Amino acid sequence: MRTLYVRIIATTMGIMIASALFAFVATNVYYHYYLKPVNDQKVTQIAKDTVATFEENEYEDPFKYLTVFADLGYQLYLIDQQGNRAMFGDPFRNDELAEEHIESVLSGETYHGIADYPWKVFVTGFFDNELQNTIGEPIQVDGETSALFVRPNTTQQFGEMRFFLAVLLGLALLFSFLFVLVSTSFIVRPIKRLTEATKKIAAGNYHLKLNVNRKDEIGRLAVDFTKMGDRLNQTEEKRQAFVSNVSHEIQSPLTSIQGFSQALREEELSEEDRDRYLGIIEKESRRLSALSKQLLTLSFLDSELRVSDMVELDVAAQLKEVVSMTEYHWREKDITIEMDLSPNLILGDPGLLQQVWMNLITNAIRYTDPGGMIVIQTAKGKEGVTISVKDSGIGINQEDLPQLFERFYKVDKARVRTENNTGLGLSIVKRIVDLHSGTIMVDSELGKGSEFQVILRSKDMFYL
Ligand code: ADP
């Protein structure tokens with residue numbers, strides 16, 4: 001199974017192995033280009049000193065001298081004019097050497113086998129125990145020139161060190177492997193929890209308990225995830241409340257329609273009662289029709305992210321039109337309407353905005369007692385165009401104001417029932433204003449009246 005855990009471990013291991021390989025190649029390159037000549041010079045000096053000391057002191061037994069010197073940590077190879085060979089110290093793994101090199105040393109030249117050792121990527125020349133990898137120096141033995149080849153005995157000189165380094169490297173690798181195993185599980189664990197949380201959310205359980213105290217990206221993810229769970233929970237609660245409100249709003253007119261249609265079947269029913277019952281049935285079905293229309297509007301508005309049909313329009317003209325459309329209702333209640341409107345161009349959806357003014361003005365008429373007054377004003381300010389609908393009506397309690405724009409919220413349930421209202425009007429208004437990136441505010445005092453203010457961006461603000 002390719003889990004994140006396995007992936008991280010495999011990647012880290014891969015990185016470690018690749019780094020080790022790169023480091024090995026880089027060290028080799030460094031040895032070949034920089035250390036090799038230095039090493040060559042050093043060994044050449046040692047070979048020259050050895051030969052000089054030997055020749056100056058004219059030792060009786062040259063082999064003994066060379067054996068002692070080899071014991072100090074060198075491998076020596078002696079070839080005389082007749083081609084006799086002698087080895088001192090640890091033997092060479094490979095003692096082949098081209099005749100020309102031997103000849104050149106016998107004729108008095110120095111052989112630089114270390115500096116000239118061929119370049120190979122995966123071969124550390126430093127440790128190569130070959131006769132080719134030596135320094136050759138002419139040496140006078142018994143009055144005759146022989147060739148002495150010298151190289152440090154790396155096995156002897158670095159034997160323990162090599163073991164030490166190998167153990168160090170091995171342990172470093174082992175420990176890093178163990179730490180990667182443990183630390184990866186720490187990295188992966190919160191991600192596993194988040195995955196389990198997504199499963200819970202998918203199963204409809206939005207109450208998540210995640211560690212939100214971490215300050216890193218995973219912590220932030222957990223915070224956002226918890227917020228998302230809370231939001232989903234709220235949305236789900238709202239959805240349930242909405243469905244139950246809709247069913248309730250549909251149920252009551254239906255019950256009423258059923259009751260009165262049964263009553264109509266009774267034979268001994270006066271003409272007057274029959275007429276009244278029919279009137280109620282008609283009113284309730286109109287109420288149902290209005291409700292379904294408003295629900296459709298809301299569902300359409302919910303599916304929109306922004307207004308798609310923005311056109312230039314004059315709010316003052318729209319407000320005047322709505323006032324004249326509702327004339328029958330305000331005249332019937334003997335309400336005075338005062339208008340202080342100046343032409344104000346904005347960009348918006350004319351149909352939707354007209355619905356805003358219609359809902360606000362019909363509410364003002366509905367909740368204002370006969371003989372009252374409604375003032376409609378527009379004003380242009382820094383924030384945009386402010387449209388105000390103020391009435392001298394019944395007013396709204398301060399506690400009710402925060403919920404006023406919620407779906408199905410009605411302040412006075414009993415009154416609203418008789419007034420044939422749904423409690424959806426202001427939520428539609430709010431949604432339309434939101435879609436226009438505007439704001440809506442309400443100020444009200446019980447018994448004195450209410451003022452609704454809508455602020456929309458004026459046309460010139462769109463081009464800023
Ligand atoms: P409805 O269709 O019931 O009028 P709204 O969403 O338009 O639904 O209004 C919600 C509630 O807000 C109403 O039931 C009413 O109690 C209150 N309300 C709205 N406008 C006014 C107003 N101008 N004056 C007093 N109360 C109001």
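For segment 89-120, enumerate the residues that are within 15 Å of D40 (Cα to Cα) and surrounded by 20 or more Cβ atoms within 10 Å (Cβ to Cβ).
Listed by number, the residues that qualify are Y111, G113, I114, Y117.
Among all residue pairs at least 6 apart or on different chains, which show Cβ distances below 7 Å where the first residue, located in segment 441-452, is on the phi > 0 side of the Ramachandran plot and of a type outside the set (D, E) and the second is more than 8 Å from the ligand (Cβ to nearest atom) and assigned to a loop (DSSP other than H, G, I, E, B)?
So the pair list comes out as G449/S392.
So for segment 38-58 (the condition being assigned by TED's automatic domain parsing to the domain that holds F149, part of a loop (DSSP other than H, G, I, E, B) and at pLDDT below 90), does at least one residue qualify?
Yes, segment 38-58 has at least one match.
In segment 427-459, what residues are more than 10 Å from the ligand (Cβ to nearest atom), over 38 Å from the mean Cα position of the chain (by Cα) and surrounded by fewer than 17 Cβ atoms within 10 Å (Cβ to Cβ)?
Passing the criteria: D443, E445, G447, K448.
Of the residues that make up segment 357-375, is at least one in contact with a helix residue (DSSP H, G or I) (Cβ under 6 Å, 6 or more places away or on another chain), farther than 18 Å from A290 by Cβ and at pLDDT below 95?
No, the conditions are met nowhere in segment 357-375.
This table checks each residue for (1) in a helix (DSSP H, G or I); (2) assigned by TED's automatic domain parsing to the domain that holds K459; (3) farther than 22 Å from S450 by Cβ; (4) within 16 Å of the ligand (Cβ to nearest atom).
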| position | (1), (2), (3), (4) |
| --- | --- |
| L298 | yes, no, yes, yes |
| K320 | yes, yes, no, no |
| L347 | no, yes, yes, no |
| V356 | yes, yes, no, yes |
| I376 | no, yes, no, yes |
| K382 | no, yes, yes, no |
| G395 | no, yes, no, yes |
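Answer with yes or no whether S185 is within 30 Å of T3 (Cβ to Cβ), polar (S, T, N, Q) and not assigned by TED's automatic domain parsing to the domain that holds Q403.
So S185 fits the description; yes.
Table: residues versus (1) without any contact (Cβ under 8 Å) to a residue 60 or more places away in the chain; (2) closer than 30 Å to E58 by Cβ; (3) not aromatic (F, W, Y).
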| site | (1), (2), (3) |
| --- | --- |
| I79 | no, yes, yes |
| G83 | yes, yes, yes |
| P91 | yes, yes, yes |
| A115 | no, no, yes |
| W119 | no, no, no |
| N129 | yes, no, yes |
| T154 | yes, no, yes |
| Q157 | no, yes, yes |
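Tally the residues that are part of a helix (DSSP H, G or I), modelled with pLDDT of 60 or more and more than 6 Å from the ligand (Cβ to nearest atom), restricting the search to segment 412-426.
1
Does F408 qualify as being hydrophobic (A, V, I, L, M, F, W, C), assigned to a loop (DSSP other than H, G, I, E, B), in the same structural domain as E327 (by TED's automatic domain parsing) and in contact (Cβ under 8 Å) with a residue 24 or more places away in the chain?
yes
Would it be correct to say that D61 is in contact with a strand residue (DSSP E or B) (Cβ under 6 Å, 6 or more places away or on another chain) and either free of Cβ contacts under 8 Å to residues at least 60 places away in the same chain or over 28 Å from L171 (Cβ atoms) (or both)?
no
Give the number of residues within segment 163-183 that are under 14 Å from S19 (Cβ atoms) and exposed (fewer than 13 other Cβ atoms within 10 Å of the Cβ).
2
Restricting to segment 165-187, and then to whatever is free of Cβ contacts under 8 Å to residues at least 60 places away in the same chain and aromatic (F, W, Y), can you tell me which residue is nearest to I9 (Cα to Cα)?
F179
Restricting to segment 146-167, name every residue that is hydroxyl-bearing (S, T, Y) and modelled with pLDDT of 90 or more.
S146
The values are calculated or read from the model by the stated rules, or taken from the named source; none is laboratory data. These numbers come from a predicted model, not from an experiment. Reconstructed Cβ throughout: ideal geometry from the backbone, glycine too, with neighbour counts over all protein chains shown.
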